[in-house]
Structures are given as structure tokens and as C-alpha cells.
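Structure, as C-alpha cells:
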Amino acid sequence: MPNTITYTSYACAQYQQIWGKGLRYACGVLLLFGMHIGYGQVVKNYPASPATNFSNVTNPGGVFQESGHTVLKSSWGIGGLGAYTGELEVAYTTPISGGTSTYIHVGGASTTLLESLLGGTVGSFLTGLLGGHYFEVEARLNGTMVASGTSSNSFTDPEVNFKINELGEYLIEITPASSYDEIYIKNVTTGLLGGTNTLDIHEIYYFSGAEPCDELLSTSYDGAGLLSVSDVNVENPHFLIDGDDTSSSEMSLALISAGLSVTQSVYINSPAQAEDQFNITMDFAGSGIIDLDLINSVQVAAYLNGSQVYTQSISSILDVSLLNLLIIGNKVEVSFTPNTAFDEVQITLSSVVGVATPVLNLYEFKILPQPPTPQVSATQICYNKTYTLSATADSAYQLLWYDDNDNLLATTAYNGTYHTGNLQTDTTIYVAVKKPACTETSAKVPIEIEVLPDIKHPDITISSLSD
């Protein structure tokens, strides 16, 4: 079998995640074939060592482990004389099912080239200029190609994507529709650029298993209506998925012409479910009042298998208080509830004619359970009496009951109840949900309990009765 590294998610947050937000809460022990971290497992599977074929490669065995280092060299030689390419082929011991992605962690090439590949249409402007150095990738079955892509066209092939994870690692993702058992990479330098170029490959792997808590995330961006590469920009796109709400991906538009937009996409390794929601923390950079038309131009959409399943504008989903905070430049966390499964989310900033566009900061993306629905949101009880609270949630979750000071009072089943005890003052109880094996909770929903005054009747003395 291929070499494997196994991750399991405990409810702790001692170590930074290995790949994507899904392993942020990782505590574990390093074992012979990997790091074991908790309930439900995600396994990183490597091809079999050694490489089946390679040329002009340094350390071809570096791709079979985490933090490896394999270098593919290529050169145009002198006027094309003595030109050579760097090629590497590796094989899995058994065929991988169609629809399963293999990830190739690359580096070492021109930083400008790698950054441009994240930008889709935006990057195509630059890759055209840098076309003298490119690399190709193929998935094969018994030596026959079943999927391919090349950086010379910014990996626009439907089965190949270029992404970045939260650690800033560049990833070629190849997802053949049919089964495959080999991965082939070729590094090329042509006369357009000349000289000698390298491509570093740090590891090649695919994931199996399921992560019951946080999902594995990656991201890229694209633009529309461009006239030049400088029309749109996204700085540090991986900061949106790094689990740190103090760092941000920065989306910006250089022009205020009609039809110009920039979109950042977040990819979810295993689809989020219908009972999930996603939250995005954002603000507009700079000082002053943000034009409401500009806020209206920010659209968020969710997709499943490439088909749109949900769309909403920021302004239509915010309540008045949050909308006002965003208008004056404050950071807000916005919740979106598709009520259907999704595996990709897109955030799009469009230009508004005549309105200068400030930078849109995207601080954090996270997937959370939908909040539970209490049986009542407010009620009245008599003085010094108890009350039994109930709420409903999906059967995959537990109910968590909190007091005003965020102290956990009780954990019950998804259809459980909570008994308050005798109450003498007005009280607010909060209820949220989480999966039993996970730490991330939904938003807390308040339940207001008004305690009626204790009415004491004075004693009445009857001294005498007469006709």
C-alpha cells in the first residue's frame, strides 16, 4: 500500500494544522507512518517509492514524505542546443478512483509565476509573458493519459486547478474523472525565456477518510472584465483560511469601470452539509463612510460540484446594526445559510461606476453548525419556580446550554431539555449546538425568562361579626 500519514481530530488546539483549516485543532503523537490526532480520520496517501521514471531530477525520492524536496531542472541551452527538460513519474500501488484529487505541492519556480497561477484569468496576462518557463502535469492509467494540464494556459483545464492552502503552500490539484495510478510532471524552459529553471516538488499525495470537524480548505481567485493584469488584485489570499482573524486576504479593483470584478474562491475538501452554515469576517479598508452601492456589489455564492446552489448579497443578509457598522468601516462577521450541501464558496467584489473602491479585507472563513431552534424565545414564570427549556437541532449535534457569563450549564442530546432550577430574577439562558467529537460551536441563541414579582398578601384580621 502507499505510504500514509493519518490525522485524527481531538477537541484541542495545541498544534497548528498541517494542511488547511481542517487540521487546525491538532494534538498528536508522531508515529512510524504519521501523526495520529483524534476521532474520525483523514489519511494522506503517498505514491509508492521509488519513482518509476525521472530525468534531470535531484532527489527523486523527496516527494514521498511531508516536507520533502525534489527538484526538476530544465534549460533552453544555447539557442536551443543542449536543451533539456526535467521529468518525474510516480505510481500508486493500486488505482485511485475517479473523482479523487491528487495534490502536488510545488515551489522553487519564479514567485511571480506561482502567484500568477492563482489568479486564473488575472494570471493569464502574466503567464503569457512568462511562457518561456512552464510545467505540465498528467494523471495516467497503465501509462495512458487520463487527465492533464499545463501552467502555460494557467491550468484552465477542467480537471486541473492551481490553489494555495493556509500555510501559503502552492498546490496543483488534478482530479481525473476516471481511475488512475500514475502522476507525471514535466518542467520546461523554452527560447522565450531561455536560461535554466527549476521546479521544486515537496510532496505528492491524495486524501482518504473523513474529517468530522473542521474541513480541509484551499483557495484561489479570478477576475472578470479585465483590460490589464493590474485591474484587479488579491494579496495574501490564504489569510482568509488560516484560522487567524487578525490577518486578511485583500481584494481590490484598480478601476471603477462597469463590468470589472474580482472573485476569491474557497474550496472545501469534503462537502459541507445542509445543516451547516458558513461565516465570513470582513471590512473595508480606510476611513470614512463606505458607499452603500459598493456594499450592495459584494456577492457571495455557494456551489456543489460546480453548480451554484446559493447566492446572496452582503447588504441583503445583514441586519441594520451590522450594516451600519460595515458602512462606517468596522469589521463584521456575516453568516450565510445555504440549507443545502456545498463544496465551494465564492466572494465577488464588483466595481460601481463613479464610486472609488476601497480594499475589501476578508479575515476569516469558517464552517459552523446552524444554530438550534428553541421552543420559545421568551417566556414568563412565577417567582421561585423552575422552567424546562427545549430546542431542536439536527440529530448529528448536541445541545449546549449556557448562562449569561458564558458558563456551560449542561450538554444534552439534540432533542434534550434543560431544567433551570428555581428562579427569583429575570434570567437569560443561551443554547448552541456542536458535533460530539468537535470543538466548534454554533452561534448561541438567547432564551429570555421573565420572573414575575413575588406578590405577598397582607394578613387580614376580622375582629367581630355582627348581624
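Tell me, GLU364, GLU333 in order of fewest to most beta-carbon neighbours within 10 Å?
GLU333, GLU364
Where the convex hull is taken over the Cα atoms of region 373-451, what is its projected area averaged over directions, in nm²?
Dividing the Cα hull surface by four gives the mean projection, 4.6 nm².
Using 0.36 nm times the number of residues separating HIS419 and ASN236, minus their current alpha carbon distance, what extension gain do you get?
Here the segment from HIS419 to ASN236 would lengthen by 61.1 nm.
If you find the alpha carbon centre of region 176-219 and of region 277-299, how far apart are they in angstrom?
Distance between centres, Cα-based: 35 Å.
List the pair-distance distribution P(r) of region 340-421, using every Cα-Cα distance, as the percent of pairs falling in each 10 Å bin from 0 up to the bin containing the longest distance, rounded to whole percents.
Pairs per bin, as whole percents: 12, 31, 21, 17, 14, 5, 0.
Once you have the alpha carbon radius of gyration of region 217-369, what is it after dividing by 2.2 N^0.38 Å, with N set to its residue count?
After normalising by residue count via 2.2 N^0.38 Å, the value is 0.98.
Using the per-residue mean of other Cβ atoms lying within 10 Å as a proxy for protection, in what order, highest first, do the peptides 180-186, 290-296, 141-147 fall?
Highest to lowest by the protection proxy: 180-186, 290-296, 141-147.
Placing +1 on the Cβ of each Lys and Arg and -1 on the Cβ of each Asp and Glu in region 373-451, which of TYR383, LEU423, VAL433 has its Cα farthest towards the positive end of the resulting dipole?
VAL433
Give the lysines whose C-alpha is closer than 25 Å to that of LYS435, dropping any in the same chain fewer than 8 places away, or say none.
Answer for LYS435, where 25 Å is the Cα cut-off: LYS21, LYS44, LYS366, LYS444, listed by chain and number.
Each reported figure results from applying straightforward, stated rules to the coordinates on display, with no laboratory input. Only a predicted model underlies this, so the values are computations on that prediction, with no experimental measurement involved. Neighbour counts run over all protein chains shown; Cβ positions are idealised from the backbone, glycine included.
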